[in-house]
Amino acid sequence: MPRPDRKTIQLTIDGREVQATEGAMLVDAAKQGDVEIPYFCYEPKLGQPVGACRMCLVEIEGIPKLQTSCSTPVKDGMVVHTQTERVRHAQNAIVEFLLVNHPLDCPVCDKGGECPLQDITFGWGLGRSRFIEPKRHFEKPLALSPLVAIDRERCILCYRCVRFSQEIAEDYQLIFTERGAHTFVGTHDGHPYVAPFSGNIIELCPVGALTSQPYRFRARPWDIEDAGGICTLCSSQCNVTFTVRDERVMRVLSRDHDGHPEVDDGWLCDKGRFAYQAIHVDERITRPLVRDGGELREVSWERALETAAGLAKHKGRVGTLVGGQASNEEGFLLQRLVREALDSRDIDSRGPRGLSADTARALAAPGLQASVPDLEFAHTVLLLGCDPRDESPILELRIRKGVRRNGVKLAIAGARPTALEANATMSIRYAPGADAEFAAALGRALDGAGDVDDDVVGLAALLREGGEDVVIIYSERLGPGAGALLRIADSLELTAQPGAGLLCLPAGSNGRGLREAGAVPDAGPGYSALATHGRSTAEIGAAAAAGELTALHLFGTDPIRDQPDRALWERALHSAALVVAHASVLTEGLAQHATVIFPAESHAEKEGTVVHPDGRLQRLRIAIAHPGEVRAGWAVLAEIARRCGLDTGAQRSHDVFEQLVGAVPVYEGLTLEEIGGRGLRWPERPQAQSMALRGGALASPPPIAPGPAVVASNGWLTLGTYRPIWASPEVEVSPALKFLIPDQQLELSPQDAQRLGIDHGAEVIVTQNGSRLSARATVRTGVPVGSAFLADGLASESANALTEPLIEVLKV
């Protein structure tokens, strides 16, 4: 779908000639002429303006009445006055009206010093009030949610928070209750406002009515500094601003780019907004730990580095796993350490069913890359085997925006229902584990084959007839099925259509960047070919359990928690003679098996680069000093490499970046200054055109073996797994987010629940080959009959204890 035309017109504001985009709102056009018009309710991110506060009244020649500039589109030749006596009188009256009941608690209000109402009162208020009646009072503060406090008497009824709930997040929880002077923001039946994006209403509020519970009374604007950064807690990689006081992060806000919302559209999920507390909790590891006498004890850096240097004694027998929050520089140094110093090839940063190098190289072709803004304007968006809410939450808001505002057709194909079902034009279910077969069937349907189901044929017709701009979002969990996407892309001619393409959601935040840095077993930096491939994550675990690998290097990951087959990894870690780990929080696997643990940086302390799923390189910048004895991750790796006999030549993070740029052809000539604060999509650079569009072996995707058959008899169900966005150590140690820590739930269809006699909310036992875990039953419409879903990545009762495709469900 083509972007809207941007025709430039000219108008006059207060005697100044101003150029603006035709159709832009007058309040925005005025900024181009350096004219400030006050407003409260207007927020471009919320969509069409509502003109609720009336603060932005202006006088337009030819129109007898004053007009709200936030809801008046500009036209060529328009003449506007913002400083006339009529306008000033109206603005004075609005300010006076808003302050009739507004409390005089600026000295104790969290918004004090950064409050638009304060600024507008001084700039456009009369300075006195004619009202002498007592102000209204509400009980204050009330907990609108565990994260948001509301002072109802401060609310000016601008409607921003309600509009966000109803038009952006579409959770429809916030409403205005009561009428007249008694109106206030609330929820239906007074239930807490618990939603994945609820924290955005704090930042939207133009007064101090909605405040952050964790930040409340923690700092004042003159006490703090702002530092830009990137949130690496999921693959959305949102641009954030850290509020810093005394080298501590006090809050996290979105970071706007002056109308260029290429990444996050100015929104944050609650995990990114509130999990900053994990940086400063007591559980944070801030000194090196070494196992001594069976227990982990704090030691000096020299002792820890000496212990880690023991990796050199295991040359050729070291396996390395890289967590998704590692930077490109850390991934690059790790693969150098493994391949050059330790004479090993066994390094992996991919998820359980990660893409092979050939597949990843072919799917990373510049012509196939969709950008995040493409989701707003595509004719059709297909979600294939993924759920953005759990894997990349902010993409869900972008998809909702495209469907709601631009009529984007959304199709969903997956085993598990998503939160976007109500927005979808078409939704198809298949059995857990059948992602690859479904992708192959869709490719055949697009080619006109007659051996596919009717629903797949219908989806193929929607993709063909819904318009030429098609964006397909798929998960790295698609694994071997991702090869079929090349056939689908060819059939839809995605490479020939600007605004169309593919978007992969990696298992880790920087999964794409780590692949490009060479932290995978079957490719070097820049997807370069290797003479000999190493082992994948699962193969590293099996080899370590069998004694073939005698040392493990775990950078930002605990395989007992993060990988399938928990029992295998327990054996692997137990068998390894040396386990070197880097972590910020002590998880179960590391506490039991790590030989040495280096304290890891948080995303507010790290310097380096990461790559967004759409190919955008972004910079990580240091916002706060390292707490305790924490050191930079790249520096620790460089020192370990030196003690293992490899001089990396890295004295600064910038040195590693330059080595990375020299090793990855599509990064050639790239500088940190060029990346800047907004980032840079490498698929749009001229150097990217040198990348081959196809790998020869993938021109014809190999046949895909059928997945497990669905067996719906007695208590047996086909198992599917997913990782909730809240299943992470950062959430578990953040005090404000403890109410979101997920317990294990067994999702099953109403038909299976009735057949098995299981009620919604009932306690059940899930068994498989002697393994047992407890869960609470969740009866969910949309779950395929004969299937059930469990969460993995949990601290306890995680689904990775189960390894077979079928489970038995028993009532407690």
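The values are calculated or read from the model by the stated rules, or taken from the named source; none is laboratory data. Just so we're clear, the structure is a prediction, and the values are computed from it rather than from any experiment. Don't worry about glycine lacking a Cβ; one is built from the backbone with ideal geometry, like all the others, and counts go over all protein chains shown. Protein only, heavy atoms only, side chains kept; ligands, DNA and RNA dropped before computing areas. Shrake-Rupley method; radii C 1.70, N 1.55, O 1.52, S 1.80 Å.
Val240 passes every criterion in (1) within 20 Å of Val611 (Cα to Cα); (2) of a type outside the set (Gly, Ala, Ser); (3) part of a loop (DSSP other than H, G, I, E, B) apart from (3). Of all residues in the range 166-216, those satisfying the criterion of being open to solvent by 30 Å² or more (accessible area, probe 1.4 Å) and acidic (Asp, Glu) are Glu167, Asp171, Glu178, Asp189, Glu203.
Listed by position, the strands (runs of 3 or more DSSP E) contained in the range 694-795 that have at least 1 residues being at pLDDT 95 or above and surrounded by fewer than 17 Cβ atoms within 10 Å (Cβ to Cβ) are 763-768, 771-779. Residue count for the range 595-643, restricted to those that are open to solvent by less than 10 Å² (accessible area, probe 1.4 Å) and assigned to a strand (DSSP E or B): 11.
Return only the number of the condition from (1) touching a helix residue (DSSP H, G or I) at 6+ places or on another chain (Cβ under 8 Å); (2) under 14 Å from Thr12 (Cα atoms); (3) in contact (Cβ under 8 Å) with a residue 40 or more places away in the chain that Val79 does not satisfy. Result: Val79 fails condition (1) only. The set of residues from the range 490-507 being small (Gly, Ala, Ser) and buried (at least 24 other Cβ atoms within 10 Å of the Cβ) comprises Ala500, Gly501. Would you confirm whether any residue within the range 385-392 is closer than 30 Å to Arg336 by Cα and open to solvent by 20 Å² or more (accessible area, probe 1.4 Å)? Yes, some residue in the range 385-392 is closer than 30 Å to Arg336 by Cα and open to solvent by 20 Å² or more (accessible area, probe 1.4 Å).
Of the residues making up the range 471-484, those that are touching a Leu at 6+ places or on another chain (Cβ under 8 Å) and closer than 22 Å to Arg389 by Cβ number 9. Of all residues in the range 284-315, those satisfying the criterion of being touching a Lys or Arg at 6+ places or on another chain (Cβ under 9 Å) and farther than 28 Å from Gly608 by Cα are Arg291, Arg297. Scanning the range 369-379 for residues being part of a helix (DSSP H, G or I) and either closer than 14 Å to Val263 by Cα or touching a Cys at 6+ places or on another chain (Cβ under 7 Å) (or both) gives a total of 3.
Does at least one position in the range 475-494 carry a residue that is within 21 Å of Leu410 (Cα to Cα) and without any contact (Cβ under 8 Å) to a residue 12 or more places away in the chain? Yes - at least one qualifying residue is present in the range 475-494. When Ile472 is tested against (1) modelled with pLDDT of 95 or more; (2) part of a helix (DSSP H, G or I); (3) open to solvent by less than 10 Å² (accessible area, probe 1.4 Å), just one condition goes unmet, and that condition is (2). The single condition among (1) touching a Gly at 6+ places or on another chain (Cβ under 8 Å); (2) over 24 Å from Leu717 (Cβ atoms); (3) not β-branched (Val, Ile, Thr) that Ala461 does not satisfy is (1).
Being of a type outside the set (Gly, Ala, Ser), in contact with a strand residue (DSSP E or B) (Cβ under 7 Å, 6 or more places away or on another chain) and open to solvent by less than 20 Å² (accessible area, probe 1.4 Å) is the filter here; which residues of the range 563-594 pass it? Leu573, Leu578, Val579, Val580, His582, Leu590 - these are the residues of the range 563-594 that are of a type outside the set (Gly, Ala, Ser), in contact with a strand residue (DSSP E or B) (Cβ under 7 Å, 6 or more places away or on another chain) and open to solvent by less than 20 Å² (accessible area, probe 1.4 Å).
Tell me, which residue of the range 414-458 that is outside any loop (DSSP other than H, G, I, E, B) and under 16 Å from Glu396 (Cβ atoms) is least open to solvent (accessible area, probe 1.4 Å)? Applying the filter and picking the extreme gives Gly414. Looking across the range 535-562 at every residue that is open to solvent by 20 Å² or more (accessible area, probe 1.4 Å) and under 30 Å from the mean Cα position of the chain (by Cα), the one that is farthest from Val666 (Cα to Cα) is identified as Arg561. A count restricted to the range 390-413 and to residues that are over 17 Å from Cys504 (Cβ atoms), part of a helix (DSSP H, G or I) and either more than 12 Å from the chain's Cα centre (by Cα) or modelled with pLDDT under 95 (or both) stands at 7. If we scan the range 250-264, do we find a residue that is within 19 Å of Glu730 (Cβ to Cβ), part of a strand (DSSP E or B), modelled with pLDDT of 95 or more and touching a Pro at 6+ places or on another chain (Cβ under 9 Å)? Looking through the range 250-264, at least one residue is within 19 Å of Glu730 (Cβ to Cβ), part of a strand (DSSP E or B), modelled with pLDDT of 95 or more and touching a Pro at 6+ places or on another chain (Cβ under 9 Å). When every residue of the range 36-43 is checked against the conditions, none turns out to be surrounded by fewer than 21 Cβ atoms within 10 Å (Cβ to Cβ) and either outside any loop (DSSP other than H, G, I, E, B) or not charged (D, E, K, R) (or both). Does the range 549-567 contain at least one residue that is assigned to a helix (DSSP H, G or I) and within 18 Å of Arg291 (Cβ to Cβ)? Among the residues of the range 549-567, at least one is assigned to a helix (DSSP H, G or I) and within 18 Å of Arg291 (Cβ to Cβ), which makes the answer yes. Could you list all residues from the range 265-283 that are part of a loop (DSSP other than H, G, I, E, B), of a type outside the set (A, V, I, L, M) and surrounded by fewer than 23 Cβ atoms within 10 Å (Cβ to Cβ)? Those that are part of a loop (DSSP other than H, G, I, E, B), of a type outside the set (A, V, I, L, M) and surrounded by fewer than 23 Cβ atoms within 10 Å (Cβ to Cβ): Asp265, Gly266, His280, Asp282, Glu283.
Output the residue which, of all residues in the range 106-148 that are modelled with pLDDT under 90 and among the small types (Gly, Ala, Ser), is nearest to the chain's Cα centre (by Cα). My answer is Gly127.
Kindly establish whether Gly112 is in contact (Cβ under 8 Å) with a residue 24 or more places away in the chain, surrounded by fewer than 19 Cβ atoms within 10 Å (Cβ to Cβ) and not in a loop (DSSP other than H, G, I, E, B). No.
Quick grid of which residues meet (1) in a loop (DSSP other than H, G, I, E, B); (2) surrounded by 22 or more Cβ atoms within 10 Å (Cβ to Cβ); (3) at pLDDT 95 or above:
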residue: Gln335; (1), (2), (3): no, yes, yes
residue: Asp343; (1), (2), (3): yes, no, yes
residue: Arg350; (1), (2), (3): yes, yes, no
residue: Gly354; (1), (2), (3): yes, yes, no
residue: Thr359; (1), (2), (3): no, yes, no
residue: Gly367; (1), (2), (3): no, no, no
residue: Val381; (1), (2), (3): no, yes, yes
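Okay, residues lined up against (1) within 32 Å of the chain's Cα centre (by Cα); (2) in contact (Cβ under 8 Å) with a residue 60 or more places away in the chain:
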| site | (1), (2) |
| --- | --- |
| Leu289 | yes, yes |
| Ser300 | no, no |
| Leu342 | no, yes |
| Gly351 | yes, yes |
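Among residues of the range 673-691 that are surrounded by fewer than 15 Cβ atoms within 10 Å (Cβ to Cβ), those with a beta-carbon under 7 Å from a residue that is at pLDDT 85 or above and not in a helix (DSSP H, G or I) at least six positions away or on a different chain give the pairs Glu674/Leu680; Gly677/Gly228. Output the number of residues of the range 286-298 satisfying the condition of being open to solvent by 10 Å² or more (accessible area, probe 1.4 Å) and of a type in the set (A, V, I, L, M). Count: 2. The condition of being within 23 Å of Ile230 (Cα to Cα) and touching a helix residue (DSSP H, G or I) at 6+ places or on another chain (Cβ under 9 Å) holds for Ala632. Can we say Glu170 is farther than 30 Å from Asn328 by Cα, within 24 Å of the chain's Cα centre (by Cα) and part of a helix (DSSP H, G or I)? Spelling it out, it is not the case that Glu170 is farther than 30 Å from Asn328 by Cα, within 24 Å of the chain's Cα centre (by Cα) and part of a helix (DSSP H, G or I).
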